[in-house]
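The values are calculated or read from the model by the stated rules, or taken from the named source; none is laboratory data. The structure presented is a predicted model; accordingly, all values stated were derived computationally and were not measured. Cβ coordinates were reconstructed from backbone atoms using ideal geometry, including for glycine residues, and neighbour counts include every protein chain displayed.
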Amino acid sequence: MTKERPMDDDLSELIERKLDELEAVQPSDGDYLDRQTRREALETIAELGNSPEERVERVAQANLGALFQASMF
């Protein structure tokens, strides 16, 4: 993730809520992505959006499969 543009507060809060939601579905222990890796993947997914609304939508729709893919970049 590039650090040129900081995440806005609303998106950061959404990412934290999404992390909690994903943790409830699949805990981040064992062979699964840890919370920090998941956060970085969600930030990467958000950066793919062209507008603030699109970034929010991408994070809201992200699932563990998308996080695994995004964590490779």
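Can you tell me which residue within segment 1-11, out of those that are more than 18 Å from Gln69 (Cα to Cα) and either charged (D, E, K, R) or surrounded by 14 or more Cβ atoms within 10 Å (Cβ to Cβ) (or both), is modelled with the lowest pLDDT?
Glu4
When you scan segment 63-73, do you find a residue that is in contact (Cβ under 8 Å) with a residue 24 or more places away in the chain, among the aromatic types (Phe, Trp, Tyr), assigned to a loop (DSSP other than H, G, I, E, B) and out of contact with any strand residue (DSSP E or B) (no Cβ under 8 Å at 6 or more places or on another chain), even just one?
There is at least one residue in segment 63-73 that is in contact (Cβ under 8 Å) with a residue 24 or more places away in the chain, among the aromatic types (Phe, Trp, Tyr), assigned to a loop (DSSP other than H, G, I, E, B) and out of contact with any strand residue (DSSP E or B) (no Cβ under 8 Å at 6 or more places or on another chain).
Does Glu16 count as in a helix (DSSP H, G or I), under 9 Å from the mean Cα position of the chain (by Cα) and loosely packed, with under 15 Cβ neighbours inside 10 Å?
Against the criterion (in a helix (DSSP H, G or I), under 9 Å from the mean Cα position of the chain (by Cα) and loosely packed, with under 15 Cβ neighbours inside 10 Å), Glu16 qualifies.
Please specify each residue of segment 19-73 satisfying the condition of being among the polar types (S, T, N, Q) and more than 17 Å from Asp8 (Cβ to Cβ).
Hits for segment 19-73 are Gln26, Ser28, Gln36, Thr37, Gln61, Asn63, Gln69, Ser71.
Of everything in segment 21-54 that's among the hydrophobic types (A, V, I, L, M, F, W, C) and either closer than 13 Å to Phe68 by Cα or not in a helix (DSSP H, G or I) (or both), which residue is modelled with the lowest pLDDT?
Leu33
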